[in-house]
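Notes for the one structure printed next.
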Protein chains: 2
Amino acid sequence: MENHKCIDCEFKSSASKILSSEEFDILEKNSALVFFKKGDIIFKQGALSTNVAYLRTGIVKIHKRGVSHEKILRIAKSPSYFGIPTTFGDKINQYAATALEDSSVCFIDSNLFRNFIFKNGKFAYELIVELCENELNDYERYANQSQKQVPGLVAETLLCIADKIFNSSRFNFPLSQSELADLVGTSRESISRILSDFSANKIIAFNGKELNILKRDVLEHISEKG
Amino acid sequence: MENHKCIDCEFKSSASKILSSEEFDILEKNSALVFFKKGDIIFKQGALSTNVAYLRTGIVKIHKRGVSHEKILRIAKSPSYFGIPTTFGDKINQYAATALEDSSVCFIDSNLFRNFIFKNGKFAYELIVELCENELNDYERYANQSQKQVPGLVAETLLCIADKIFNSSRFNFPLSQSELADLVGTSRESISRILSDFSANKIIAFNGKELNILKRDVLEHISEKG
DNA sequence: TTTAAAGTGTGATTAATATCACATATACTA
DNA sequence: TAGTATATGTGATATTAATCACACTTTAAA
């Protein structure tokens, strides 16, 4: 465990900004800052969940074993919590998390976290708002999953990654095509064909791992129509 | 608005059991008990969300407009909250709710609800636990959606309704086949064919609207294999 | 630098399900 | 009770995407 001052952290969550100095002192003594390399597993599905994971820097994929293979549920970027549902929703981790790039994670003792919720209503409220926003996002994607065809889903996912993760139309794509397939819910061959089509039509362009969205309006149209 | 004593309500939420007498008095003055008939819309997608809906008695479907048609996100049975995500996650309702049978709903002023969260950590904690459990359920269904074939999804949905809504293998099915199709994410013709198959194989039996699960283990197997 | 592993591309085939059109059955309303 | 609306059943066809097999490219490790 590395020495660190939580109160000085420049990657605080919205919720934790509410905490008092005393609460920060306690937080510091009951949490651990751990560094992960790209590809490292941060926590495993099926393990006991005894702390809350907070992504200080980096990007992680939240994934779980489906009927036949892995499903990537969502991508989380820093700074944000990414383990609250599996810590407070069940005693065992219902999903796993893996670093998509070098990342730093704070593990916070769940009893301490629970105490913050009990004692700090504003902190609790910020968490509730974040959980509600996540649920609405899930509902949106869930509705789209069954009503859009695969190209629409791919377009939607590319736009989502550009806007929500990188806030840019040009970025290093954090996933392999197999992983993108697991996120979208299709096969890696379909992904290959669709990305080739998008490239051939000059909608997007890959330069190595760097993706550039050339015709955002066309991608939005494909996404909306499904 | 009908006179009612919230503290005497036999359908309290887990969260509201935490409230004090004073809090119950305030709750009573800032909420409305409304009755809905089967088919009535409880709140609409796109409307402003200014209160929290609590399902006191009955069953409702949570649904939203997808790309091409309605998607039923989930079924909620009493007693439970069914509007928290859309009230605290956004200013506008991101989904709608409709009664599947005659129901009674308490509408609670969202500012009051927020104050309960701020002032009552245990109340907030119960809500967070419920939101986390819902998110885990969403993740499970979301993973299954893309990895199971339609018969597996139908089997899974029938078992879910039996266990989570009616807690029985025999019950009045609350949905039409079109609605079941909207919940599962398929076409009503596929539902008709699959239910006929299940009936022909004596896995389930319909007697009018009453559904009887005859071979639960077979249905579970179909659900698991997808 | 070479070898091995992982990732991607592509063509052909198969499978699953949507869609369409229409008929029949059931439920609801006047 | 009769008429209307909604729900369901069914056959045929079309569409979409998965699967399979294999080859090629890129990345990583020895």
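The values are calculated or read from the model by the stated rules, or taken from the named source; none is laboratory data. Please read all numbers here as calculations on a predicted model, not as lab measurements. Virtual Cβ from ideal backbone geometry, glycine too; neighbours counted across all protein chains shown. Accessible surface areas use protein heavy atoms only, side chains included; no ligands, DNA or RNA. Shrake-Rupley method; radii C 1.70, N 1.55, O 1.52, S 1.80 Å.
For the reader, a short list of remarks on this structure follows.
- Taking a Cβ cut-off of under 12 Å around B:LEU195, the surrounding Lys, Arg, Asp and Glu residues balance to a net charge of 0, with basic ones at +1 and acidic ones at -1.
- For B:GLY66, the residues whose amide H sits under 5 Å from its own are B:LYS71, ignoring neighbours fewer than 5 places away on the same chain, with H placed 1.01 Å from N.
- Equivalent-ellipsoid semi-axes of the protein assembly as shown, from the Cα gyration tensor, Å, largest first: 34, 32, 20
- Take every Cα pair under 8 Å whose residues are at least 6 apart in sequence, average their separation, divide by the length of the stretch B:143-225, and the relative contact order is 38 percent.
- The overall shape of the stretch A:77-188 is prolate: from the C-alpha gyration tensor, with semi-axes ordered a ≥ b ≥ c, the ratio a/c is 1.5 or greater and a/b exceeds b/c.
- Using a Förster distance of 51 Å, the FRET efficiency for A:ILE165-B:PHE35 (Cβ separation, nearest 0.05): 0.65
- Pairwise burial A:B, computed as accessible area of each alone minus the pair, summed, 1.4 Å, Å²: 4400 Å²
- Altogether, the Stokes-Einstein calculation at 25 °C and 0.890 mPa s, with the Kirkwood radius of the stretch B:101-161 over Cα pairs as Rh, returns a diffusion coefficient of 168 µm²/s.
- Computing Rg and the Kirkwood Rh from the Cα coordinates of the stretch A:1-78 gives a ratio, Rg/Rh, of 1.02.
- Beyond 19 Å in Cα-Cα separation lie the following of the pairs B:LYS71/B:LYS225; A:LYS61/A:LYS202; B:LYS5/B:LYS29; B:LYS12/B:LYS77: B:LYS71/B:LYS225; A:LYS61/A:LYS202.
- The residues of the stretch B:134-161 occluded by other protein chains by 50 Å² or more of accessible area, set against the chain on its own, are B:GLU135, B:LEU136, B:ASP138, B:TYR139, B:TYR142, B:GLN145, B:SER146, B:GLN147; surface from heavy atoms, 1.4 Å probe.
- Under 19 Å from B:LYS17, Cα to Cα: aspartates and glutamates that are on another chain or at least 8 residues apart: B:ASP8, B:ASP25, B:GLU28, B:ASP109, B:GLU126, B:GLU130, B:GLU133
- The overall shape of the stretch A:148-225, judged from the alpha-carbon gyration tensor, is rounded, with an a/c ratio under 1.5.
- Length-normalised contact order of the stretch B:6-125 in % [C-alpha pairs under 8 Å, at least 6 apart]: 37 percent
- Spacing of the two label points (7 Å from each Cα toward its C-beta) at A:ASP102 and A:ILE7, in nm: 3.0 nm
- Across all directions, the average projected area of the convex hull around the alpha carbons of the stretch B:30-112 is 4.9 nm².
- Amide H contacts of A:ARG56: A:SER104, A:VAL105, A:CYS106, each under 5 Å away and 5 or more positions distant or on a separate chain (H built 1.01 Å from N in the peptide plane; Pro and chain starts excluded).
- Theoretical FRET efficiency, 1/(1+(r/R0)^6), r = Cβ-Cβ of B:LEU48 and A:ASN172, R0 41 Å, to 0.05: 0.55
- The protein assembly as shown - percent of accessible surface contributed by carbon and sulfur, probe 1.4 Å: 47 percent
- The stretch A:3-62 versus the stretch B:1-74: alpha-carbon centroid distance in Å: 35 Å
- Ascending distances from the B:ASP102 label point to its copies in the other chains, with the point 7 Å along the Cα-to-beta-carbon line: 6.7 nm.
- Whole-Hz Karplus values for the stretch B:51-59 come out as 8, 9, 9, 10, 7, 7, 9, x, 9 Hz, taken residue by residue from phi with 6.51 cos²θ - 1.76 cosθ + 1.60 and θ = phi - 60°; glycine and proline positions read x.
- Helical runs (DSSP H, four residues minimum) scored at -39500 (n - 2.57) apiece and divided by the length of chain A put the mean residue ellipticity at 222 nm at -12500 deg cm²/dmol.
- The local environment of B:LYS71, defined by Cβ-Cβ distances under 9 Å, has a net charge of 0 under the rule Lys, Arg +1 and Asp, Glu -1.
- For B:VAL67, label point 7 Å along C-beta direction: distances to other copies, nm: 2.1
- Accessible area in square angstrom per residue, chain A, 1.4 angstrom probe: 46 Å²
- Rolled with a 1.4 Å probe across the full set of protein chains, the surface gives B:CYS6 an accessible area near 10 Å².
- Debye intensity ratio in log₁₀ form over the Cα atoms of chain A, taken at each q of 0.07, 0.17 Å⁻¹: -0.25, -1.24
- Taken one residue at a time, the phi angles of the stretch B:17-27 give Karplus couplings (6.51, -1.76, 1.60, θ = phi - 60°) of 5, 6, 5, 7, 4, 4, 5, 5, 4, 5, 4 Hz. Gly and Pro are set to x.
- Exposure of A:ASP109 as accessible area (Å², to 10), given a probe of 1.4 Å and all protein chains: 60 Å²
- Contact order for chain B, expressed relative to its length and based on alpha carbon pairs under 8 Å spaced 6+ residues apart, stands at 20 percent.
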